[in-house]
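> Input: one structure, supplied below.
The values are calculated or read from the model by the stated rules, or taken from the named source; none is laboratory data. Everything numeric here is computed off the predicted structure, so don't read it as measured data. Cβ sites come from the backbone with ideal geometry, for glycine too, and all protein chains shown count toward neighbours.
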């Protein structure tokens, strides 16, 4: 059980600060991801999707870290959300021929998270 909590803590430490960074500094995404907002609405979208969504993913992991009773639900949430990102990013990268460091790093992180979530869920004794 301890390794699960450490895993969730690591996820919280990765997702949450990055989400807050993107929420308050969305223009930074142009430097490392090549994303540029060309309107106020676009900036709002970057703040929501790269800020708010990632903060939520991180806080979900933090909930599982602090409240063991929620671990199975948090693992399922992480699996569904991060698998969606991983599959979509992989398809998009293959279509576009994107092999940038940012994309490869994100794919490694997302697919590792998916694998760990599956392994963690399988190690649980409850019926998930």
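> In the stretch 89-128, which residues are assigned to a helix (DSSP H, G or I) and within 17 Å of residue 34 (Cβ to Cβ)?
Answer for the stretch 89-128, where residues must be assigned to a helix (DSSP H, G or I) and within 17 Å of residue 34 (Cβ to Cβ): 89, 92, 93, 95, 96, 101, 102, 103, 104, 105, 106, 107.
> Right, here's the next one. Output yes when any residue across the stretch 25-32 is under 11 Å from the mean Cα position of the chain (by Cα), touching a residue at least 24 places away in the same chain (Cβ under 8 Å) and not in a loop (DSSP other than H, G, I, E, B), and no when none is.
no
> Before we move on, is residue 47 assigned to a helix (DSSP H, G or I) and under 16 Å from residue 102 (Cα atoms)?
For residue 47, the condition - assigned to a helix (DSSP H, G or I) and under 16 Å from residue 102 (Cα atoms) - is not met.
> Give the residues of the stretch 5-43 that are closer than 19 Å to residue 108 by Cα, surrounded by 15 or more Cβ atoms within 10 Å (Cβ to Cβ) and at pLDDT 95 or above, sorted by residue number.
Residues satisfying the conditions are 7, 8, 9, 11, 12, 14, 15, 16, 18, 19.
> Is it true that some residue in the stretch 93-102 is out of contact with any strand residue (DSSP E or B) (no Cβ under 7 Å at 6 or more places or on another chain), crowded, with 17+ Cβ neighbours inside 10 Å and on the phi < 0 side of the Ramachandran plot?
no
> Restricting to the stretch 54-100, name every residue that is under 27 Å from residue 5 (Cβ atoms), free of Cβ contacts under 8 Å to residues at least 12 places away in the same chain and over 14 Å from the mean Cα position of the chain (by Cα).
Across the stretch 54-100, the qualifying residues are 63, 66, 67, 69, 70, 73.
> While we're here: Condition test on residue 60, is it under 19 Å from residue 119 (Cα atoms), at pLDDT 95 or above and assigned to a helix (DSSP H, G or I)?
In short, yes.
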